[in-house]
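> Here it is, the structure in full.
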Amino acid sequence: MVNYEKRYLIITCIVAIIYNLLIFTIPYQHKSEPTFWLAWFSGMFAIIVQPIIAHFCLKGVKSIYWKIYSLKVIKIGYIYLLVQLIITISFIVIGNFLTIPIWILSVILVILIGLSVIFLILAQTYKDGIYHMKSERETNINFIDNLKVDVAMMAENISDSNIQRKLEKLAEEIQYSDPITSSALSEIEMRIEEKVSYLKEVISKQTTNNLNEDVDCLIALVNERNHRVKITKKEI
């Protein structure tokens, strides 16, 4: 796996070296020393925070899928860095010819940092939202897969040929059930799981009392779930 954090740290060091060479090797004649040092510090701050942003965005992320979303968040940090360096160098160059009040630079820097933080938070929130939806979907896919296996196994272990056919047909229907998830399905899926657990226990004990009715109840629950999925899709 590519170590992105090391690469961002190397890039940050190179940018810091180039930045300081441009600032301290060119003989500027600054009319306002406080403005110069504030401008220089703001540029260094923008450089230093980049590997910190990368570290927190990539921390604990192992899947390449989520690394891609993390890189999009990191990209915003580098956009902030580019804009900040342009503003910093512009102020230092202009400061050779004009006296720039320090409050002007301070206001611009605060606005720029504030906007950058807002965009970073929004991007991270978007990433977290996508992760949550994908996690829910993966969980629900596991629910459908497990349900199909459980019903197929019950069909193999039941001795009643009529009930066996019902369970086999139900297993086929579950195979083509939509794995989409939503909060509206949590209750019905819990009832399905409870019914499956009960049926597995009954079948393991070879008890046939009311088994036909219980299987019909499970079929009705699965059909109700599939119907609710269709309704959920229409609402979206």
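> Just the residues that are surrounded by fewer than 17 Cβ atoms within 10 Å (Cβ to Cβ), assigned to a helix (DSSP H, G or I) and of a type outside the set (S, T, N, Q), please, taken from segment 90-113.
V93, I94, I102, W103, I104, V107, I108, V110, I111, L112, I113
> Test of understanding: among S135, S116, S70, which residue is in a helix (DSSP H, G or I) and at pLDDT 75 or above?
Result: S116 is the single residue among S135, S116, S70 that is in a helix (DSSP H, G or I) and at pLDDT 75 or above.
> Please work out which residue is modelled with the lowest pLDDT, limiting yourself to segment 189-213 and to residues that are touching a Lys or Arg at 6+ places or on another chain (Cβ under 9 Å) and crowded, with 17+ Cβ neighbours inside 10 Å.
Across segment 189-213, the extreme among qualifying residues is E189.
The values are calculated or read from the model by the stated rules, or taken from the named source; none is laboratory data. Because the structure is a prediction, the values reported are computed rather than measured. Every residue, glycine as well, gets a Cβ built from its backbone with ideal geometry; the counts of neighbours run over all protein chains shown.
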